[in-house]
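A.B. asks: Quick one: this structure, given as structure tokens, is what I'll be asking you about.
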Amino acid sequence: MNTTTLTNYLSITIGLWLILSSCASKDVMSVNKKDTALAKIEQLSAMMDEARALSLDVKREETLLWFAEEFIKFADWDEAHQPEIERLFGYYAPYEDQKAKYAAELPEFERQKVIDILDDGMATLQQVIDGEIVRPPVNPIEWDNIEVAKDALLSNGRPVFLFDYFSKSVGIPLTNTDVYNDHLGAIYHGGENLYPVDHDRAINSFLLNEDGTWDEELVKEVTMIPNTNTGFLLYWNLGIPEWVEKKEPQVRKGRSLFTGYDVDNPLVRDVWGKIVRHTGELTQGKKVTQLGYILNNEPHWYSEKDHWTARYGEMLEISTYTLDKFRAWLSKTYQGDIAALNANWGASYTAFEEVDIEMPLDKTALQGTPKWYDWCRYNMDRGTEWFQFIQDELHEVNPDADTHIKIMSRMFTEDTRSHGIDLEALTELTTMIGDDAKASGGRKLTAKKPESWEDKYAYRWAELASTYDFMESVSPDKIHVNSETHFISSSAWRDMETTPDYIRSVYWLATLHGMDVGISWFWARDPDGSPEDRLEGELDFFDGALAGSYAGSVNMQPQSANEVAQVTMDMNAVSEEIMALRAQRRPIRLFHSETSAINKAKHMSEQAPLYEAFYFEGIPVGYATEKILKKQSADDWDAVIVYRTEYATDTEVAALQDYLDEGGVVLVDELSLLRDQYGEERDFPLEGKGLKMIKSADDLAQIRAMAMSYMSTETLPVEIIESNEQNAKTCTWRIVPYKGGYLVNILNIGKEPSELKIRMKNGEKVKATDLLTQQELGDEMTLRTNGVLLLHLQS
């Protein structure tokens, strides 16, 4: 211990003794947590001075210090406003019964978490000072100087991953550095105030008046966003002006939760076409558009009975405009042959103009029938056509504008397919990939029993990972924006005891899978610690729903808020390495067919185990579809697996056959490809030298070994042998060549630590260096649950 460290240690020890002495006169059994935290803040500050004197980077500690001081202030506010905090806990149903208890415990909880992160941070900084670890220097984000490259965002000429919070402290100016800074993020959001419907800074239906003039005050909210920081603009589609409703009484029929009108309505299209073109011209080239125009917030058009959307009656109706478009789609699909439709539907129409369909659909009775397929396929096509229309209107006046859509990841992974979202088509359409994918560190708070992932894993990861792998397979060279990450909290899950290790793991996993921007849900603290304006007083339905997001969220979790910033700094310190890992080839492609997903009750659930079987083998999982097989180079993969995919269109089968004819390898089970989209049986349709029949669809290990035998020998030069108490692989890893050796990333998403042995397949001895600490780890190591390793392997 050097002289400076000893001096600091003695001063903090004396300070803590004085605190203990002062507490002795109070009716308490332990040191006052606020005073303890303040003393530790002083200790950290002193250590940072010592580190600076040694020319060591302390940007990580500057963020830690900021959050510690902020949450001490927040705890004081919460303590002084117990009725308000209790009211906010009461808006979230799982907390409602014990809202008084949670409110009373919150201030001390926050102070203890501040103490915990300070202790952890000081322990790490001491290792840095003592030379035990060497951290890569932080690459600060230049929020006002972001460059949008082809497939990456750049800051200081290097790839950079951006973070922030969605729906952030509404009412606080964008220029307020207490809210927009290096610690919380400083992305300027053109579309923050989500509720009520006629909100500011978003592009919405209320900008246009009935007489064709503009509401200049609302337009100004969009155009007056400072042209300094990078950002995005949001098309907020919830509301529709009264004058539109009076002219078009059907305008609400077929709406969805956040799209408050019928997208087939001609007046809606006229209004939105004008709004998109006008605001597109006014905002062209501004920095707030660098991260794109978000064309919609969580679009969906569910059409089935007994779905959660049934509580909103108009969602499950359709307008005459939608019905007429469906009739036209059917006429085109059946090439004008009404007899063919009648044969499929068991109907007796004399013309397509007579076709009708009852809404909502009875999924139990109809799924697997031609009527179900035709509606679900049409519903997806009309959703895609709507976004094509909006994007075309924007590009007519602003041809270089980037776009994406905030698509819920479950639109891909869930079995329901009446939602109207064709993820592949929309990922192809927009210039950036967009979503609000989620993960969770625990089971749903309403769950009555353990969820299946809990058997082996530390958190619910598969929806996030598989959806990202699908989108990145469709559009491998696009920037990827998650404009509302639900990794810390969601409507179904949150946990005040969320660990920093979970935060680190899930953000690292998402970034490794392609995420360039992660804008988390949600930050609602004003600088004085009070909840933001929308959460004050009595709240209506939508504001009440928003308030339900506050309790138990990151706004009450110092450890989570700090770790989001910390992991982002660490990822940006090694951004080139992460980008190299993201470019690893996807040698095995899982064939995805929306045809089977529409027709089968559990298609996506049946596909999930196959994805999981390949996830821990050192390769990124890839997908193939008819379009991917036709448009992308087959050199990008070694084999395609068709698994439990009974239904496929003739064009899907033809794409697989063409791939075989060109020398490709297709593994297929005996259950697949035997029916067309309408359930008509066909003989097994594929042939060729590269056709390999899977003996048993139930033997995933055999399928995996069979597929991987066709991989290039250079794909995996390294073997990682994993052992744990579960006797299951839970460490997902990737590998690419790097500086004369190999770069390996390992994430243990299992609920138990794993023992790892790293071996070169050529028999050479290997040594591993941790690139985040420069510590030598040898070739055997233990990786804790939620642990992250970025290794340089050398022989």
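A.B. asks: For a quick check of your reading of the model, give me the residue pairs whose first member lies in region 225-251 and is assigned to a helix (DSSP H, G or I), whose second is among the hydrophobic types (A, V, I, L, M, F, W, C), with beta-carbon atoms closer than 8 Å and at least 6 apart or on different chains.
C.D. replies: 244/251; 244/267; 244/268; 244/271; 245/251; 247/267
A.B. asks: Continuing with this model, one more query. Filter region 214-250 for residues that are out of contact with any Ser or Thr (no Cβ under 8 Å at 6 or more places or on another chain) and more than 30 Å from residue 144 (Cβ to Cβ) and give the result.
C.D. replies: 242, 243, 245, 246, 247, 248, 249
A.B. asks: Would you tally the residues in region 442-467 being of a type in the set (A, V, I, L, M, F, W, C) and over 17 Å from residue 748 (Cα atoms)?
C.D. replies: Matching residues across region 442-467 total 2.
A.B. asks: Kindly list the number of the only condition in (1) farther than 29 Å from residue 182 by Cβ; (2) at pLDDT 95 or above that fails for residue 18.
C.D. replies: (2)
A.B. asks: So residue 375 ticks every box in (1) open to solvent by 20 Å² or more (accessible area, probe 1.4 Å); (2) modelled with pLDDT of 95 or more but one. Which box is left unticked?
C.D. replies: For residue 375, the exception is condition (1).
A.B. asks: Give region 669-711 a look and list any residue that's basic (Lys, Arg), within 20 Å of residue 589 (Cα to Cα) and either open to solvent by 70 Å² or more (accessible area, probe 1.4 Å) or in a loop (DSSP other than H, G, I, E, B) (or both), or say none.
C.D. replies: Correct list: 689, 695.
A.B. asks: Moving on. Of 431, 364, 384, which residue is open to solvent by 40 Å² or more (accessible area, probe 1.4 Å), among the polar types (S, T, N, Q) and not in a loop (DSSP other than H, G, I, E, B)?
C.D. replies: 364
A.B. asks: Does residue 365 satisfy being without any contact (Cβ under 8 Å) to a residue 12 or more places away in the chain and under 14 Å from residue 330 (Cβ atoms)?
C.D. replies: no
A.B. asks: While we're on this one: From the list 646, 662, 681, which residue is modelled with pLDDT of 95 or more, among the charged types (D, E, K, R) and more than 30 Å from residue 341 (Cα to Cα)?
C.D. replies: Only one candidate passes the filter, namely 662.
A.B. asks: Suppose the filter is modelled with pLDDT of 95 or more, assigned to a helix (DSSP H, G or I), farther than 30 Å from residue 361 by Cα and not acidic (Asp, Glu); does residue 285 pass it?
C.D. replies: no
A.B. asks: Out of (1) in contact with a helix residue (DSSP H, G or I) (Cβ under 8 Å, 6 or more places away or on another chain); (2) in contact (Cβ under 8 Å) with a residue 24 or more places away in the chain; (3) open to solvent by 10 Å² or more (accessible area, probe 1.4 Å); (4) not in a loop (DSSP other than H, G, I, E, B), the odd one out for residue 454 is which?
C.D. replies: Looking at each condition in turn, residue 454 falls short on (1).
A.B. asks: Can you name the number of the only condition in (1) closer than 23 Å to residue 384 by Cβ; (2) without any contact (Cβ under 8 Å) to a residue 12 or more places away in the chain; (3) under 23 Å from the mean Cα position of the chain (by Cα) that residue 270 fails?
C.D. replies: (3)
A.B. asks: Let me ask something else. Examine region 262-280 for a residue that is under 22 Å from residue 434 (Cα atoms) and open to solvent by 10 Å² or more (accessible area, probe 1.4 Å), and state whether such a residue exists.
C.D. replies: Checked against the condition, which is being under 22 Å from residue 434 (Cα atoms) and open to solvent by 10 Å² or more (accessible area, probe 1.4 Å), region 262-280 yields at least one hit.
A.B. asks: Still on this model: Go through region 758-777 and count every residue that is of a type in the set (Val, Ile, Thr) and either open to solvent by 50 Å² or more (accessible area, probe 1.4 Å) or in a loop (DSSP other than H, G, I, E, B) (or both).
C.D. replies: So the answer is 2.
A.B. asks: Given the condition assigned to a helix (DSSP H, G or I), free of Cβ contacts under 8 Å to residues at least 60 places away in the same chain and not hydroxyl-bearing (Ser, Thr, Tyr), answer yes or no: does some residue in region 27-35 qualify?
C.D. replies: yes
A.B. asks: Another question, if that's okay. State yes or no: is residue 406 open to solvent by 10 Å² or more (accessible area, probe 1.4 Å) and of a type in the set (Lys, Arg)?
C.D. replies: Considered against the rule, which asks whether it is open to solvent by 10 Å² or more (accessible area, probe 1.4 Å) and of a type in the set (Lys, Arg), residue 406 comes out as no.
This table checks each residue for (1) under 18 Å from residue 372 (Cβ atoms); (2) touching a residue at least 12 places away in the same chain (Cβ under 8 Å).
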{"residue": "309", "(1), (2)": "yes, yes"}
{"residue": "314", "(1), (2)": "no, yes"}
{"residue": "323", "(1), (2)": "yes, yes"}
{"residue": "348", "(1), (2)": "no, no"}
{"residue": "351", "(1), (2)": "no, yes"}
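A.B. asks: Return a yes/no flag: does region 724-735 have any residue that is at negative phi, in a strand (DSSP E or B) and basic (Lys, Arg).
C.D. replies: yes
A.B. asks: From the residues in region 164-187 that are at pLDDT 95 or above and outside any loop (DSSP other than H, G, I, E, B), which one is most open to solvent (accessible area, probe 1.4 Å)?
C.D. replies: 181
A.B. asks: For region 720-730, indicate whether the set of residues that are surrounded by 19 or more Cβ atoms within 10 Å (Cβ to Cβ), farther than 20 Å from residue 609 by Cβ and touching a residue at least 60 places away in the same chain (Cβ under 8 Å) is non-empty.
C.D. replies: Yes, region 720-730 contains a residue that is surrounded by 19 or more Cβ atoms within 10 Å (Cβ to Cβ), farther than 20 Å from residue 609 by Cβ and touching a residue at least 60 places away in the same chain (Cβ under 8 Å).
A.B. asks: On to the next question. Are there any pairs with C-beta distances below 9 angstrom linking a residue in region 676-699 that is touching a residue at least 12 places away in the same chain (Cβ under 8 Å) and among the β-branched types (Val, Ile, Thr) to a residue that is surrounded by 13 or more Cβ atoms within 10 Å (Cβ to Cβ) and assigned to a loop (DSSP other than H, G, I, E, B), with the two at least 6 apart or on different chains, and if so which?
C.D. replies: 694/643; 694/672
A.B. asks: Right, here's the next one. Residues of region 643-655 being farther than 16 Å from residue 424 by Cβ and open to solvent by 40 Å² or more (accessible area, probe 1.4 Å), which ones?
C.D. replies: 644, 646, 650, 654
The values are calculated or read from the model by the stated rules, or taken from the named source; none is laboratory data. Values in this document were obtained by computation on a predicted structure and should not be read as measured data. For neighbour counting, all protein chains shown are included, and Cβ atoms are generated from backbone atoms with ideal geometry for every residue, glycine included. We work out accessible area using only protein heavy atoms, side chains counted, and drop any ligands, DNA or RNA first. Shrake-Rupley method; radii C 1.70, N 1.55, O 1.52, S 1.80 Å.
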